[in-house]
1. Kindly indicate the residue of the stretch 119-135 that is out of contact with any helix residue (DSSP H, G or I) (no Cβ under 8 Å at 6 or more places or on another chain) and either buried (at least 18 other Cβ atoms within 10 Å of the Cβ) or free of Cβ contacts under 8 Å to residues at least 24 places away in the same chain (or both) and also nearest to R181 (Cα to Cα) among those meeting that condition.
2. Has the stretch 162-182 got any residue that is charged (D, E, K, R), under 22 Å from S108 (Cα atoms) and touching a His at 6+ places or on another chain (Cβ under 8 Å)?
3. Test each condition in (1) charged (D, E, K, R); (2) within 20 Å of E163 (Cα to Cα); (3) crowded, with 19+ Cβ neighbours inside 10 Å for E71 and report the one that comes out false.
4. If you take the residues in the stretch 342-354 that are touching a residue at least 40 places away in the same chain (Cβ under 8 Å) and surrounded by fewer than 20 Cβ atoms within 10 Å (Cβ to Cβ), which one is nearest to the chain's Cα centre (by Cα)?
5. Across the stretch 215-265, which residue is farthest from S292 (Cα to Cα) among those that are of a type in the set (V, I, T) and touching a Pro at 6+ places or on another chain (Cβ under 9 Å)?
6. Is it the case that some residue within the stretch 212-226 is farther than 30 Å from K365 by Cβ and free of Cβ contacts under 8 Å to residues at least 40 places away in the same chain?
7. Are any residues in the stretch 164-175 surrounded by 14 or more Cβ atoms within 10 Å (Cβ to Cβ) and closer than 19 Å to D134 by Cβ, and if so, which ones?
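The values are calculated or read from the model by the stated rules, or taken from the named source; none is laboratory data. On a predicted model such as this, the values are computed, not experimentally measured, just so you know. Don't worry about glycine lacking a Cβ; one is built from the backbone with ideal geometry, like all the others, and counts go over all protein chains shown.
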Amino acid sequence: MNEVLPISPPRAWAEIDLAAMKRNLAVARKASGCALMAVVKAGAYGHGLEDVAKALSTEDIVFFGVANVGEARRIREAGVDTRIYLLGATWSEERPEIVARDWTPCISSLTEAAQFDALAAAAGKVLKVHLAVDTGMGRGGFVADHLPEVMRELAALPNLEIEGLGSHLPSADEDEEFTRRQFDHYRAVISELGGPDTFKWRHLSNSAGLLGYDGTVCNLARPGLMLYGVSPLPGHQEKLSTVMSLKSRVTLVRTLPAGHGVSYGRQFVTTRPTKVATVGVGYGDGYPRHISGKGGEVWIRGRRFPILGRVTMDQTMVDVTDADDDVREGDEVEMFGPNLPVAEVAEKAGVIVWEVFTGITPRVKRCYKE
């Protein structure tokens, strides 16, 4: 006899609004005025790689930008056939799969190019590749001064089609003067190599680049963070819609006397009788521990309440003494979302939004809605 057992709802979950993501994509398209590569690396910034790729695959995306072959494979195994672009340098053991599956790598060295050419020749195909040019990031790509010579050597590799030229902005959200020089540098490189028609795809702008700068030298942009509802530049946030809301529930409510410590290290000690709500989420779920003692708040029953003491691995304590309505076990708690911007949480924790999003752990259930 098979016993039917009850299934509990999740204690912590992330609501992912795919319709909001598509609205953010439309903002990116309008701001850039060109084709788009949706950056979905790191599990679509913690939002769920397969579900995000499926949702965006119908939105006229030219490429999905991923960090490695594992992410590329997961997209294909999810039944999505949008072209895959590998954003960083690859290593030799990855290249046979890249060629076999016709993914598009960016090339940072002649050694890479030669191996890709040999693999493509053995497979009887021509592989489309993009060149990476280092205009200031220092992480990969050809040094711009070497590119004319590189292009001559690449011309001798018949099984590669040099389809695009890309670069990366390291400081578009911090250093406007440098970034404008970087765009000028990239424009000069394009001109030196024969002009815009030399490459089918020219791409430099990330989210900050396409929101804040003249990217007309490019015909492809790579929005990442803005797709997920956060602007890296001030003055643009109101254009974007919240995509992820991290939520949990109150698991316990108690009143502690004055002089009672709360959480590890007794960082916080009550000075009055204090009603404390325990919330079923912690740094083991990806909520940043470093927000402890930094003025972090949560949203319960239509208002903010302060976090008490240190965030623990699985639980967070909140002061609900001044609640207008009784806070009860089972009440929904927003850790960040439309009422508590994730950028505010990141700032108080002393981290970046990218880190908060990608740090949400697998035990947090992703719940998708259109």
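1. Looking only at the stretch 119-135, we keep the residues that are out of contact with any helix residue (DSSP H, G or I) (no Cβ under 8 Å at 6 or more places or on another chain), and these are 121-122, 124, 128, 130, 132.
This time we only want the ones that are either buried (at least 18 other Cβ atoms within 10 Å of the Cβ) or free of Cβ contacts under 8 Å to residues at least 24 places away in the same chain (or both), so: 122, 124, 128, 130, 132.
Working: A122: 42, G124: 42, K128: 29, H130: 22, A132: 18 Å.
Ranking the candidates gives A132 first.
2. yes
3. Exception for E71: condition (2).
4. Selected residue: W354.
5. Applying the first criterion (of a type in the set (V, I, T)) to the stretch 215-265 yields 216-217, 230, 242-243, 250-251, 253, 255, 262.
From what's left, touching a Pro at 6+ places or on another chain (Cβ under 9 Å): 217, 230, 242, 255.
Details: V217: 45, V230: 23, T242: 24, T255: 21 Å.
Once the filter is applied, the top-ranked residue is V217.
6. For the stretch 212-226, residues farther than 30 Å from K365 by Cβ and free of Cβ contacts under 8 Å to residues at least 40 places away in the same chain: present.
7. Here is the first cut: in the stretch 164-175, the residues surrounded by 14 or more Cβ atoms within 10 Å (Cβ to Cβ) are 164-173, 175.
Residues satisfying the conditions are G164, L165, G166, S167, H168, L169, P170, S171, A172, D175.
Table: residues versus (1) surrounded by fewer than 19 Cβ atoms within 10 Å (Cβ to Cβ); (2) among the charged types (D, E, K, R); (3) modelled with pLDDT of 95 or more.
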{"position": "M137", "(1), (2), (3)": "yes, no, no"}
{"position": "G140", "(1), (2), (3)": "yes, no, no"}
{"position": "E149", "(1), (2), (3)": "yes, yes, no"}
{"position": "L160", "(1), (2), (3)": "no, no, yes"}
